[in-house]
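The values are calculated or read from the model by the stated rules, or taken from the named source; none is laboratory data. All figures in this text were calculated on a predicted structure; none of them were measured in a lab. Methodologically, a virtual Cβ is constructed for each residue, glycine included, from the backbone with ideal geometry; neighbour enumeration extends over all protein chains shown.
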Amino acid sequence: MLDETPEGWAAARALLLAHPDLIKGDDALMRSLGVKPANIVEFGPAALARLEAARARETTARQEIESLARANFHAQSQTHALIVDLLESRNNADLARRVQQAAEERFGLIAGAIAVEGPGRTPVGWHSLPPGMIDMILGDANARMGPVIAAADLFGPLADEVKSMALVRMAVWSPLRQGVLAFGSTEPDGFTRDMGAELVAFLARVVERTAERWPPLS
């Protein structure tokens, strides 16, 4: 096959490679080549920018997922350790003390409390609530996460420092008495409405079963 490369093409090609802006700026030449100027001038940077933005989004999403996974694992580990600690309680007063201690030392919260409605005797260290108050606070729900409500009744002298809270309904002893397990945070977003209450609810079941060992005398 004969070489159909025109004479002088090598020199012309070298010249064009050395001065690409001459091609980009010549609209007539670009049209005759069937190439829109934007394909050369804009496509490369735009594509790179899109790829970089996608990479940044992927990296951010991955970091958020990894951070959430670490936080969940830490919370679950601390919860499991707390369960063992609660099961070692010696009485209801010790149970309440361990809940408060865990709130501070394991979860970085300001308060952890157990409250129960009357009538009837309330164990030392627990908070006493008037009948019907838990239904007033929780309504038909079994848990509530988010803004503060009835903090003085639940957290006593620590109430002013509580800015968000987690509440889970309990039922203890016989005859049945309504109660709540409550945790308070100094951060307004420490507990929010969109948070799941599964771990706190599981702790509430442990507190219920543990407290059954020592029904209060009427």
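Name the residues in the stretch 119-134 that are among the aliphatic types (A, V, I, L, M) and either free of Cβ contacts under 8 Å to residues at least 24 places away in the same chain or surrounded by 15 or more Cβ atoms within 10 Å (Cβ to Cβ) (or both), would you?
Hits for the stretch 119-134 are Leu129, Met133, Ile134.
So which of Glu66, Glu88 is at pLDDT below 75 and not hydroxyl-bearing (Ser, Thr, Tyr)?
Sole residue among the options that is at pLDDT below 75 and not hydroxyl-bearing (Ser, Thr, Tyr): Glu66.
Would you be able to say whether some residue in the stretch 103-112 is within 17 Å of Pro157 (Cβ to Cβ), without any contact (Cβ under 8 Å) to a residue 40 or more places away in the chain and not basic (Lys, Arg)?
There is at least one residue in the stretch 103-112 that is within 17 Å of Pro157 (Cβ to Cβ), without any contact (Cβ under 8 Å) to a residue 40 or more places away in the chain and not basic (Lys, Arg).
Filter the stretch 123-167 for residues that are out of contact with any helix residue (DSSP H, G or I) (no Cβ under 8 Å at 6 or more places or on another chain), over 16 Å from Ile110 (Cα atoms) and among the hydrophobic types (A, V, I, L, M, F, W, C) and give the result.
Those that are out of contact with any helix residue (DSSP H, G or I) (no Cβ under 8 Å at 6 or more places or on another chain), over 16 Å from Ile110 (Cα atoms) and among the hydrophobic types (A, V, I, L, M, F, W, C): Ile134, Met136, Ile137, Leu138, Ala141.
Among the residues of the stretch 166-175, are any over 23 Å from Leu82 (Cβ atoms) and not polar (S, T, N, Q)?
Looking for residues that are over 23 Å from Leu82 (Cβ atoms) and not polar (S, T, N, Q), one finds at least one in the stretch 166-175, hence yes.
Applying the selection to the stretch 173-206, what residues are at pLDDT below 95, in contact with a strand residue (DSSP E or B) (Cβ under 6 Å, 6 or more places away or on another chain) and among the β-branched types (Val, Ile, Thr)?
Thr192, Val200
Residue pairs, Cβ under 6 Å, 6 or more apart or interchain, first in the stretch 135-155 and closer than 14 Å to Met195 by Cα, second outside any strand (DSSP E or B) and among the small types (Gly, Ala, Ser). List them.
Close Cβ pairs (under 6 Å, with a partner that is outside any strand (DSSP E or B) and among the small types (Gly, Ala, Ser)) amount to Ala143/Ala197; Ala143/Ala201; Met145/Ala197.
Given the options Leu95, Leu87, name the one that is crowded, with 19+ Cβ neighbours inside 10 Å and farther than 16 Å from Val162 by Cα.
Checking each option against the conditions leaves just Leu95.
On the given criteria, is Ala96 assigned to a strand (DSSP E or B), touching a strand residue (DSSP E or B) at 6+ places or on another chain (Cβ under 8 Å), under 15 Å from Ala211 (Cβ atoms) and modelled with pLDDT of 90 or more?
When the stated conditions are applied, Ala96 does not pass them.
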